[in-house]
Each structure stands twice: as structure tokens, then as C-alpha cells.
Amino acid sequence: MAFSYMPGFGNDFETETLPGSLPQGRNSPQRPAYGLYAEQLSGSPFTAPRGTNERSWLYRIRPSVKHTGRFKAASYPLWKTAPNVGDHELALGQYRWNPVPMPKEPTDFIQGMRSITTAGDVLGQTGMAAHVYVANTSMVDDHFFNADGELLVVPQVGALRLVTEMGVIELRPGEIAVLPRGLVFKVELVDAEVRGYVCENYGAKLTLPDRGPIGANCLANPRDFKTPCAWFEEKETPCRLIVKWCGNFHITEIGHSPLDVVAWHGNYAPYKYDLATFSPVGAILFDHPDPSIFTVLTAPSGEEGTANIDFVIFPPRWLVAEDTFRPPWYHRNIMSEFMGLIHGQYDAKEEGFVPGGISLHNLMLAHGPDAPGFEKASRAELKPVKLDNTMAFMFETRFPQMLTRYGAELETRQDNYIDCWADLKKRFNGTPEGDWS
Ligand SMILES: [Fe+2]
């Protein structure tokens, strides 16, 4: 079955699966067509300014109050929520990991969520968490919603089907999806095993960055974002709904599927984006801009230019700058940087940072090209070079990222990561040329 999408970012979308199921000219008629219930899903306060005011109207077989019963506590011990401070003994450092291992037991998307860092405070609706998911089992009768934030899903291995109450998103590595706070969904696996990264955003929603002097085009273009058309199922068999709420998990049993939205309209909706459609902008004579030039989505913090989260990619691109050290420069940063690699090779690290891997360069901790990378880039002939077959990304936040015990004790952590800079030589010898012997 092919699922269809509507293009645009933050549009006022409308979609119906049955003719006339979407009311026209009003939101809440006395008796909606087909006996549906009208329900509003508010992603912003009612009174938020127009630019950030988000809500959708859902026309469904049963109202959401029928999709929850009495809750019981549920346990997903590897999914952590900020503040989660001091639950390990690992000393401060720059960290890097090989991929999180695939599970041996049957594991679905929610059970397979492994938190690596948390930042900020979910109770203040500020900050984020960086997770890796690994799964080998589809969610069939289990459904989930996260009251704590939206989920930015970045697949690395295997395709997924995000079956949400507002429509179905098919997602493969190279694409990303955003599932809004409160949206009910389940995750089906298209491939036998899947792995990827998730950024859980406790704060204001991800949006497109302003382009400033770049103008009206390039970077992520709104038309390349795809929101699913309505889809529903009429399934009258036992189902469960799992809720993440202020860091705790709760479960409720219901007698039917909650994925019963026949039609909807509004601007609060899930979407996906193909990273290959990002049009990178960079230096065409010398130097290179800060990596913020590769921001796909940004979640503002309330302080201008100081993101709660920037989602940044390092896509294929031409390197043409003259008299320039072309890889990323050495850096210390007030923002903290969680990086992953979807496929290929990252240009500051030719070895050690592998697809599915992670690096964490936290608040004010130094990082930059490894010794072989520095040597090579410092001596390279500066002809135009295509950096190809690569896709790295960064979840960058203004808050320090607190490592979880799982991340600290994960067997794939590279205890020798710090050694990648050991062979950087002293080149200073008092002469303007320096010592390049
Ligand atoms: Fe950096």
C-alpha cells in the first residue's frame, strides 16, 4: 500500500479519507458527518502568537477520552529524562562510541529506546534527550504518545513505518521524521532489524531557521517537508496505549485501535524530510562558515540565536576554498554537540567514527580533527574536491548533555578516543614557516 503526503512546512493542511468527512466552513458542527467526534489537539497555548500557534482538528470514530482507561505504571528503564544527573562514575571527557548493539530479545521501538544523554529539565519544558533506538519487532496492538516532547527520528539502519493517528509515514535511512508532542503512534518495522537516533525535544517545537542574507532559497526548503494524508483503521480488538509523562511511563488497556482519525485539518502534524533535498551553502573562496550553515531545523529557547536544539547535518558537498584548512576547525563551544553518522565517513575523522556510532563533545570540551586528518588536510593540494557518500548529523543544545549510566557503561564506548589527538605535533619553532618536517 502506498501512502500519500502533502508538501509544505507548517501549512494549514486538510485531508479526509471518506468524501465529506472533513467539515467545511466550521470546526465543530452539531453532528459531524459519519457520526465522527470532533476533537482539537493543541500544540501551543490557545493564545500563542500566530507564527507559533499550532493546533489541529481531528474527526475520529471515538474521542481520545475513550482511548485511555485506568493507567498502570509501566517500565522502560533505559529511556531517561532530564534532569538525570550523576547516575554514573565515568570521568569528564570527550566520548565516542561504536554502534549500539542490536537486541537479541524481541524488542519494539519503545522498548528499544536507549538514552545516551539528557539536558535541561522536562518539568520546565526546556532541554532535550539524545537516544538511540534498536528494534527487531513491530508494534502491533501497542500504541504510544509522549507528553514530554516531540521526537525527531533519524533512521540509520532499516526502514520504518510510523503509523500515527494523523497518517502513515514511511521512513528510511537518509530521511528524518518529527512526531509532535502528544501524537499517538506505533512503529512498524519494514526491515528485520532497525537502528537510529532520536532527539526528544522538551521545549518549543523545531522549526526552520531564518536564512538571513542567504535569502528565500537553499538549506531546507519548505516544500520538501511531507505531512501524511489521513489514514485510519477500524480495529475492535484489545489494544494498549503507553504514555510517557514527565519522565515516567504509564499504560492503559482499551478495546480498539486509537488510530481512528478519518479526517483532520490544521498545522499541528507529523512530517518527514529527505536529507538529500537539503541545499548546502558554503564558502566559495576561502575559510568556511560555522556549522550552523547546515542547520536543517532549530528549536528556539526564547533567547535569540541560542537554540534549545539545532539539528545540523554534514551532507555531501564540494570543497573548493583556497588557502584554507578545509575540515572543521578545532573548537571549544558553549553549546554541546551530540553527533551521529548515518552513512559514509566524516571529514574530520577518517577512522573510528563509524556509521551508527556516536560522539559527544560537551560544554567547553575541546575537539577537532584527529592527527591523521590534520596532517592530510594541512598538506593536501587544494583543488576542488567532492565530499561524497557521507551524512553525519549533530543534535546541538545550549545545555550541557548529561551522560546516562547506559551511555557511560556501554561496551562499545571507545576508551581510547582521546588518543586520536595524541600525535598532533608541535609545529612552532620560532620561524614564520613553522616546522613541517
Ligand atoms: Fe564543535
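The values are calculated or read from the model by the stated rules, or taken from the named source; none is laboratory data. For clarity, every value in this text was computed on a predicted model and none was experimentally measured. Positions of Cβ are backbone-derived with ideal geometry, glycine not excepted, and every protein chain shown enters the neighbour counts. Note: areas computed on protein heavy atoms with side chains; ligands, DNA, RNA excluded. Shrake-Rupley method; radii C 1.70, N 1.55, O 1.52, S 1.80 Å.
List of remarks:
- Computed from backbone phi, the HN-Hα couplings of segment 179-187 come to 10, x, 3, x, 6, 7, 7, 9, 10 Hz, rounded to whole numbers (Karplus: 6.51 cos²θ - 1.76 cosθ + 1.60, θ = phi - 60°; Gly and Pro given as x).
- Using heavy atoms of the protein chains and a probe of 1.4 Å, the accessible area assigned to Thr17 is about 50 Å².
- Report note on the peptides 188-194, 118-124, 101-107: ranked by the mean count of other C-beta atoms within 10 Å, highest first, their order is 118-124, 188-194, 101-107.
- Using the Cβ-Cβ distance between Val65 and Lys425 with R0 set to 60 Å, the FRET efficiency from 1/(1 + (r/R0)^6) comes to roughly 0.35.
- Sulfur and carbon atoms: percent of accessible area, segment 278-419 [1.4 Å]: 55 percent
- Backbone N under 13 Å from the His88 label point (7 Å along Cα→Cβ), restricted to segment 404-427: 404-415
- Here the label points at Glu375 and Trp318, each 7 Å from Cα along the C-beta direction, are separated by 3.1 nm in the simple model.
- Relative contact order computed over segment 183-283 (Cα-Cα under 8 Å; 6+ residues apart), in percent: 32 percent
- Pairs from the list Lys72/Lys186; Lys205/Lys386; Lys80/Lys272; Lys226/Lys349; Lys66/Lys272; Lys80/Lys104 with a Cα-Cα gap above 27 Å: Lys205/Lys386; Lys226/Lys349; Lys66/Lys272.
- In percent, rounded to a whole number, the relative contact order of the chain is 20, using alpha-carbon pairs under 8 Å and six or more apart.
- Taking every protein chain into account, the accessible area of the chain amounts to 46 square angstrom per residue (probe 1.4 Å).
- Whole-percent P(r), the chain, all Cα pairs, 20 Å bins from 0: 25, 55, 18, 2, 0.
- Between Ile293 and Glu253, the C-beta separation translates, for a Förster distance of 41 Å, into a calculated FRET efficiency of about 0.25.
- In this rough spin-label picture, where each label sits 7 Å from Cα along the Cβ direction, the Gln125-Asp388 distance is 4.7 nm.
- Extending 7 Å from the Cα toward the beta-carbon at both Glu236 and Ala159 defines two label points whose distance is 3.4 nm.
- Rounded D (µm²/s) - segment 278-419, Kirkwood Rh over Cα pairs, Stokes-Einstein at 20 °C, 1.002 mPa s: 132 µm²/s
- Segment 313-370 and segment 1-73 have Cα centres spaced 41 Å apart.
- Shape class of segment 55-134 from the alpha-carbon gyration tensor: prolate, with a/c at 1.5 or above and a/b greater than b/c.
- Cα gyration tensor category, rounded, prolate or oblate, for segment 215-263 with a/c compared to 1.5: oblate
- Working from Cα pairs under 8 Å separated by at least six residues, relative contact order for segment 278-419 is 29 percent.
- Each of Ile61, Ile309, Ile284 has its accessible area taken with a 1.4 Å probe; listed largest first, they run Ile284, Ile61, Ile309.
- Over the Cα atoms of segment 156-216, the radius of gyration divided by the Kirkwood radius equals 1.06; this is the Rg/Rh ratio.
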